[in-house]
Amino acid sequence: MVTTADLYVCDPDPVAAMSALDSLSRAAADRGCTVRAAVADVTGRDTTPTDRPGWSRLSSAAGPSDVLLVRSRAELGHTAARRAPVAAALKGNGVTVTAVEPLPWETADWVRAWGRPDRPGPGAGGTPPVGGCCCVAFPALEAHTSVIRRLARRVLSGWGPLLAGLDPDVDADLLLLVVNELVTNAVTHGSDPGDPVVLTLECDRRRLCVGVEDWSSDPPRPRRSGDGDVHGRGLGLVEHVAQTWGHVPSVSRPGKKVWMSVPLDRARSSRAPAGVP
């Protein structure tokens, strides 16, 4: 049985937040967990979790994961009163909170882990993942793209058996390059520094879907890149890899979502931009 995990960090320092998210993704891999969502809220812990944009997105994701990985339960609020309603909601959904760097008060004898007894702990079973969803919300800073790239590589590696159905001229490395280009474009051209950017990876037996949300309402436009340019090839790569792709405006705020769908059954139909994901 596959154990799914959400990763959550709250830290006012964006560099520290992304470093912590990277550490949590490694901790999830060590525990045999499949990461479903990863969120970094760059704000102080004195804010109520339900008022944080990242936590709100994590809470609205489809279905709870088995485990919530945090550095410390203090991520859920700097006082017991702030943590209590969040802990109650997680407990009601059968989610186990695991602190990988617990503070002294969390390791006291009176602290008891809670969760659903009918769910195995992290790493139980050993059944390989058969797809799923990973959502990462992070502040738009170029220094964070390497962390997102490593996390995306881990997620795609976990879906290796499904990605075997890719067209012969597409491989996981090329997919990772496309994801990195879309994320870089969102950070560099679609957002002001610190704006939240959201990467979503979804995979089942038929297709891999990639979506990147930013705060710019301008549609994506191909850019000419020179022979020595590292970036600038994003949409050209998307057109090569995807069966369909496009962009849609955000509903509740300024911005857009650029998305693509990649078939996993080797039966590739015509590739053309589309209007809806």
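The values are calculated or read from the model by the stated rules, or taken from the named source; none is laboratory data. None of the values given here were measured: they were computed from a predicted structure. Cβ: placed from backbone, ideal geometry, glycine included. Neighbour counts: every protein chain shown. What goes into the accessible areas is simple: the full protein's heavy atoms, side chains included, and nothing from ligands, DNA or RNA. Shrake-Rupley method; radii C 1.70, N 1.55, O 1.52, S 1.80 Å.
Against the numbered list (1) closer than 20 Å to Arg150 by Cα; (2) in a helix (DSSP H, G or I), Val9 comes up short only at (2).
All conditions in (1) touching a helix residue (DSSP H, G or I) at 6+ places or on another chain (Cβ under 9 Å); (2) in contact (Cβ under 8 Å) with a residue 12 or more places away in the chain; (3) in a helix (DSSP H, G or I) hold for Arg26, with the sole exception of (2). Considered as a group, the residues in the range 44-63 that are within 19 Å of Gly94 (Cβ to Cβ) and assigned to a loop (DSSP other than H, G, I, E, B) include one that is most open to solvent (accessible area, probe 1.4 Å), and that residue is Ala62. Pairs are defined by a Cβ separation below 7 Å, a sequence spacing of at least 6 or placement on different chains, a first member in the range 196-212 that is over 24 Å from Val42 (Cα atoms) and free of Cβ contacts under 8 Å to residues at least 12 places away in the same chain, and a second member that is part of a loop (DSSP other than H, G, I, E, B) and open to solvent by less than 50 Å² (accessible area, probe 1.4 Å); no pair meets this definition. Checked against the criterion of being over 20 Å from Asp195 (Cα atoms), surrounded by 15 or more Cβ atoms within 10 Å (Cβ to Cβ) and acidic (Asp, Glu), the candidates Asp41, Asp66 yield just one match: Asp66. For the range 220-255, residues that are of a type in the set (Gly, Ala, Ser), over 21 Å from the mean Cα position of the chain (by Cα) and modelled with pLDDT of 70 or more total 1.
Taking the range 88-108, which residues are open to solvent by 30 Å² or more (accessible area, probe 1.4 Å), assigned to a helix (DSSP H, G or I) and modelled with pLDDT of 85 or more? Matches in the range 88-108: Ala88, Ala89, Lys91, Gly92.
Results for (1) open to solvent by 60 Å² or more (accessible area, probe 1.4 Å); (2) more than 17 Å from Ser261 (Cα to Cα); (3) at pLDDT below 80, shown as yes or no for each residue.
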site	(1), (2), (3)
Val136	no, yes, no
Arg153	yes, yes, no
Asn185	no, yes, no
Val197	no, yes, no
Thr200	no, no, no
